[in-house]
Amino acid sequence: MVFKSMKTVLKIIYVVIIVILVSIICIKLNKGKTIITSNSSLIKVEDKEDLYVARFEYGGIAYLERGKEELYLNEDERVNADLKIKYNAVINAKVDLKELERTKKIENKKIYLNEPIIEYIITILSDSEDSEEKNFETIGNNSNYSWSTLLTACEVDVKNEINNNTELKEKIMVTAKDTIEGLLYYNDYEIVWKDGD
C-alpha cells in the first residue's frame, strides 16, 4: 500500500516538474521579444485609401438670384436674391492615404510626411417624413431652379463657409495629424510634418 501511494506521489512530482520546465522554456524563448503589428504603412494599417478625420453638421442659408450664374452671393448681393435656401448639411473631412504614403520618407528614426490635404464630403440633408425639424426649405420663388441647382448652391455655400473659417480648418488639420500619428506610432520614431512636396 505504501509502495502504491509512493508511485502516485512520484507521478505527481514528475508532472509538476515537467510543467515547471515547459513554463521556464516558454518564458526564456519569448523574453525580450516585442511583436510590432504596425509596419508604418498607412494603407496597410487602415486597409483603405481614405481616412475620415472629422464629421460635423452645419446649418446655413444659400442665396440665388435670377440671371446670375454664380451660385454664391456675397453680403451685398444677397439683398437682391430672389431665393433663399435654408438647409442642414453633414460634412465629413477625409485624407487621401495613398498620397501620404507616396510622399512618406523614413530617415534616422524620423518619418517625414507632407501636410495632409483635407477633402470635404458634403451631404445636404433632405426632410424625412418622421422628422419634426425641416432640413431643407426654400424661401421665395424656386420655380426657375432645378433640384440640382438648389443642392449645388447649398454645397457651394458650405465650401465657402469652410474656406472662410480658419479656426475650423486648423482644428480639422490638427485632428488629421493626430489621427495619422496615432496610426504610425513607433517607439523612438518621430513624425515630422513638411509643407508641400
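Only one of the numbered conditions (1) farther than 25 Å from V192 by Cα; (2) at pLDDT 85 or above; (3) out of contact with any strand residue (DSSP E or B) (no Cβ under 7 Å at 6 or more places or on another chain) is not met by A89, and that is (3). Please name all residue pairs, on different chains or six or more residues apart, with Cβ atoms under 8 Å, provided the first residue is in region 94-116 and is touching a residue at least 12 places away in the same chain (Cβ under 8 Å) and part of a helix (DSSP H, G or I) and the second residue is surrounded by fewer than 19 Cβ atoms within 10 Å (Cβ to Cβ) and among the β-branched types (V, I, T). Qualifying pairs under 8 Å: L97/I43; K98/I43; E99/I117; E101/I43.
Among the numbered conditions (1) in contact (Cβ under 8 Å) with a residue 40 or more places away in the chain; (2) in contact with a strand residue (DSSP E or B) (Cβ under 8 Å, 6 or more places away or on another chain); (3) part of a helix (DSSP H, G or I), the only one that N142 does not meet is (3). In region 176-197, the qualifying residues are those that are of a type in the set (S, T, Y) and farther than 15 Å from L97 by Cα, and the one that is modelled with the highest pLDDT is Y189. Determine whether T175 is β-branched (V, I, T) and more than 22 Å from Y52 (Cβ to Cβ). Answer is no for this residue. When N114 is tested against (1) modelled with pLDDT of 90 or more; (2) more than 17 Å from V53 (Cα to Cα), only condition (2) is not met.
The values are calculated or read from the model by the stated rules, or taken from the named source; none is laboratory data. Note that the structure is predicted; figures quoted are calculated from it, not measured. All Cβ positions, glycine included, derive from the backbone under ideal geometry; neighbour counts span all protein chains shown.
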